[in-house]
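Below you'll find the structure, written out as structure tokens, and then a few comments.
The values are calculated or read from the model by the stated rules, or taken from the named source; none is laboratory data. Everything numeric here is computed off the predicted structure, so don't read it as measured data. Cβ placement follows ideal geometry from the backbone for every residue including glycine, while neighbour counts extend to all protein chains displayed.
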Amino acid sequence: MTSGGRRAVTVLSGFLGSGKTTLLRRYLAGHGAGVAVIINEFGAIGVDHHLVRMVEEQSVLLQGGCVCCTRREDLVRTLRDLLDQENSGKLPPISQVVIETSGIADPVPVLFTLGTDPVLQHQFAPAAVVVTLDALNAAAQIERQPEVRKQIIAADWVVVTKTDLAPFEAVSRCRMRVRQLNPTARITVSRLGDGSDALAPTRGAVRGLPPEAPAAPHSEVQSTALGFNAPLDWPAFGVWLGMLLQARGPDVLRIKGLLDIGDAGPVVMNVAQHVVHPPEHLAAWPADADGSYLVFITRGIDPARIADSLETFQRAGGRADLSVRELA
Amino acid sequence: MCVLCSQMFTEIHWSERLLDPETVSQGAGETIRRQSRHGRTRLLGKVLAHYSLDVSDDWSAMNYVVGNRKGKQQVVGSVAELWQAAAKMAGRPLDPLDPALLQRLRTEPEA
């Protein structure tokens, strides 16, 4: 369970054959009680677990909506069914649901569905998007498969798999490519299916420190971490970010960070494509935090323009002394 | 929820629902909400002036009323809807990275 009593939902994504099911089996072996599993496709390895639901992806693009506004009807039905069965006592209490997507699925519609369904949004809370990446084939897949790039950008946690089969250099390159696309993601290296703790519904999505900038930026995707000299004005930030996403949504791929808005604890911001996770107000700063920051992953937008615009809106909103700087 | 296509699925926009639970339990939630609302509407007014539009709160401070100089007005329920209505009324996209808008915000005298 997450704070507020909602059931944690972990989205497990990753390209075909990247080791999703192996990781899931390991996780269930140690944490199976109270965990329901929803899978989209039967892989070569079956999942032996009493609470498995198989769904066939049924996506409905909402009228007038953009691509991320795709409602996963299959998930709505299955999650509501799980709730009904739990409430009627046919199932034991559910504390977590792991949704294993198909290899080519975009995780963002799953988050959209959880956040917008009038029943599910009060019963389930996204915990993290965990993505598996095969170290042997990562370079080619990132290059050729747009689905893989989308999965990495949406990830809170990337588990690099098959590292026992790949040379050390390939694993290092794999980490570097992930860093180029998504410097906010936590990266762990899995050997023979270990590292399944990534699926545990902890605060895996929250990082106290801004990530290091990649040594060699990706040719299409830019990322920048912004820092601030003072607390931000929250209403002005809402105006600015809403306007930015409205105007530049398709090119703002991800925003993540911790914001000091002058309260005891920070606000956790997490935006995947155009889906804004409800900002979470923490009671206190994480132990490893060193001030507030925001990371932007964008396509074709000069990071300096984002910093300048945010600073101007903050000053116009009443924070005359606030300055925004790009963190090295 | 989706700020790009403005599909509304939650009662309260993400930027408007952040309240410290402690404050709410102490009964100060409405005061804080109105204070935030006031600051938000004031900044929205400065931004929309660049596009020859204006914005105000309705009597309940729950909806925004966005209008142009020809007297056309539209009531919207959230900032997400507001951006879409304003862009339509202005006849052009509203871009926070627009250098002309930022220059205007920098030189705008405090009201």
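Taking segment B:85-95 as the range and being in contact (Cβ under 8 Å) with a residue 12 or more places away in the chain and either of a type in the set (A, V, I, L, M) or surrounded by 12 or more Cβ atoms within 10 Å (Cβ to Cβ) (or both) as the test, the residues that pass are B:Ala85, B:Ala86, B:Met89, B:Ala90, B:Leu94.
Condition check: in a loop (DSSP other than H, G, I, E, B), touching a residue at least 12 places away in the same chain (Cβ under 8 Å) and farther than 19 Å from B:Gly39 by Cα. Does A:Gly265 satisfy that? It is true that A:Gly265 is in a loop (DSSP other than H, G, I, E, B), touching a residue at least 12 places away in the same chain (Cβ under 8 Å) and farther than 19 Å from B:Gly39 by Cα. A:Phe313 meets the conditions (1) assigned to a strand (DSSP E or B); (2) within 11 Å of chain B (Cβ to nearest Cβ) in every case but one. The failed one is (1).
Can you tell me which residues in segment A:280-308 are facing another protein chain (nearest Cβ under 8 Å) and at pLDDT 85 or above? Correct list: A:Ile301, A:Arg305, A:Ile306, A:Asp308. The residue that is surrounded by the most Cβ atoms within 10 Å (Cβ to Cβ), counting only those in segment A:274-292 that are in a loop (DSSP other than H, G, I, E, B) and in contact with a helix residue (DSSP H, G or I) (Cβ under 8 Å, 6 or more places away or on another chain), is A:His274.
Output the residues belonging to segment A:294-306 that are in contact with a Phe, Trp or Tyr (Cβ under 9 Å, 6 or more places away or on another chain) and surrounded by fewer than 23 Cβ atoms within 10 Å (Cβ to Cβ).
A:Pro303
In this structure, does B:Val75 turn out to be in contact with a Ser or Thr (Cβ under 6 Å, 6 or more places away or on another chain) and over 14 Å from B:Glu16 (Cβ atoms)? Judged against the criteria, B:Val75 is not a match.
Consider segment B:70-97 and keep the residues that are small (Gly, Ala, Ser) and out of contact with any His (no Cβ under 8 Å at 6 or more places or on another chain). The one that is farthest from the other protein chains (Cβ to nearest Cβ) is B:Gly71. Residues in segment A:111-146 that are crowded, with 21+ Cβ neighbours inside 10 Å and in contact with a Lys or Arg (Cβ under 6 Å, 6 or more places away or on another chain): A:Thr113, A:Phe124, A:Ala125, A:Thr132, A:Asp134, A:Ala135, A:Ile142. The set of residues in segment A:84-110 that are surrounded by fewer than 23 Cβ atoms within 10 Å (Cβ to Cβ), in a loop (DSSP other than H, G, I, E, B) and of a type in the set (S, T, N, Q) comprises A:Ser88, A:Ser95, A:Ser102. Within segment B:56-69, restricting attention to residues that are in contact (Cβ under 8 Å) with a residue 12 or more places away in the chain, surrounded by fewer than 18 Cβ atoms within 10 Å (Cβ to Cβ) and aliphatic (A, V, I, L, M), the residue that is nearest to the other protein chains (Cβ to nearest Cβ) is B:Ala61.
The residues of segment B:32-91 that are closer than 15 Å to A:Gly242 by Cβ and outside any helix (DSSP H, G or I), listed by number, are B:Val55, B:Tyr64, B:Val66, B:Val76, B:Gly77, B:Ser78. Note on segment B:1-31: residues that are part of a helix (DSSP H, G or I), out of contact with any helix residue (DSSP H, G or I) (no Cβ under 6 Å at 6 or more places or on another chain), modelled with pLDDT under 70 and among the hydroxyl-bearing types (Ser, Thr, Tyr) amount to 1.
If you go through segment B:43-102 and keep only what is under 21 Å from A:Trp234 (Cα atoms) and of a type in the set (Lys, Arg), you end up with just B:Lys46.
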